[in-house]
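Written below as structure tokens is the structure these notes are about.
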Amino acid sequence: MPVTSAYTADDKDLAAFVEQEAARAVYHVVHLAVAMAPEPKAPRLDSVRVELDLSAHGVPAASVEDPPIAWSMAPSKIKDEVEIGTTLRLGPQLKIAPVQATLGEISRTRTVRRSRPLLEAVGELSARPRWVMRGTKDVPLTGSQRLVLVVRVPIGIVAEVATTVHASVVKGSILRRYVRQLPGALSLSTVV
């Protein structure tokens, strides 16, 4: 969907930006969705990577002076916050047959918060954007994930978006990888 004045009507700053860029480029919003089945539980889906290849009229972006690029990507990052707690206890303890005695104890508990990326956008402002999704045992890759991309296409160019999906599954201790390029590139063109 091209970003037009009707699309930006509710946002004055965005409308001004699109108007300022109108002589140089057209912006297109591309919505993608990745559906990951919750069943079967095994093999477990370990990771998914959605790669996009932006080109002009089927010509690689590297050979075009001002190629189509991924202007913005959403979501850019989704993290899983994890608390890791460790307790250290130090103290004398005496145990003889059925009798047990302690003279006290010193203990210290330390909690650390760490974040693990579950989804990450990579390649913004390039012709090769991608999203990487990683599952964990606590947060498996299931359900649907919407991905939104804004593509900047220079005036006079028809952009194509080719999509490739990579998936890794774990069965037991074996990691298997699968790759599929979606048939037919998406064409982004605007009559100005």
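Values for this structure:
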| item | result |
| --- | --- |
| Subset of region 25-46 [farther than 21 Å from Met73 by Cβ and either open to solvent by less than 50 Å² (accessible area, probe 1.4 Å) or out of contact with any Ser or Thr (no Cβ under 6 Å at 6 or more places or on another chain) (or both)] | Ala37, Glu39, Pro40, Lys41, Ala42, Pro43, Arg44, Leu45, Asp46 |
| Whichever residue in region 13-31 is assigned to a helix (DSSP H, G or I) and closer than 21 Å to Ala70 by Cβ and, among such residues, is farthest from the chain's Cα centre (by Cα) | Gln20 |
| So Ile106, is it open to solvent by 60 Å² or more (accessible area, probe 1.4 Å) and in contact with a Leu (Cβ under 7 Å, 6 or more places away or on another chain) | yes |
| Which listed residue is of a type in the set (A, V, I, L, M), part of a strand (DSSP E or B) and either modelled with pLDDT under 85 or in contact with an Asp or Glu (Cβ under 6 Å, 6 or more places away or on another chain) (or both), from Leu94, Leu119, Leu149 | Leu94 |
| Positions within region 84-139 being within 30 Å of Ala37 (Cα to Cα) and among the hydrophobic types (A, V, I, L, M, F, W, C), in sequence order | Ile84, Leu118, Leu119, Ala121, Val122, Ala127, Trp131, Val132, Met133, Val139 |
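The values are calculated or read from the model by the stated rules, or taken from the named source; none is laboratory data. Every value quoted in this text rests on a predicted model; they were computed, and no experiment measured them. Heads up, the Cβs are rebuilt from the backbone with ideal geometry, glycines too, and the neighbour counts pull from every protein chain shown. All accessible areas refer to the heavy atoms of the entire protein, side chains included, with ligands and DNA or RNA removed. Shrake-Rupley method; radii C 1.70, N 1.55, O 1.52, S 1.80 Å.
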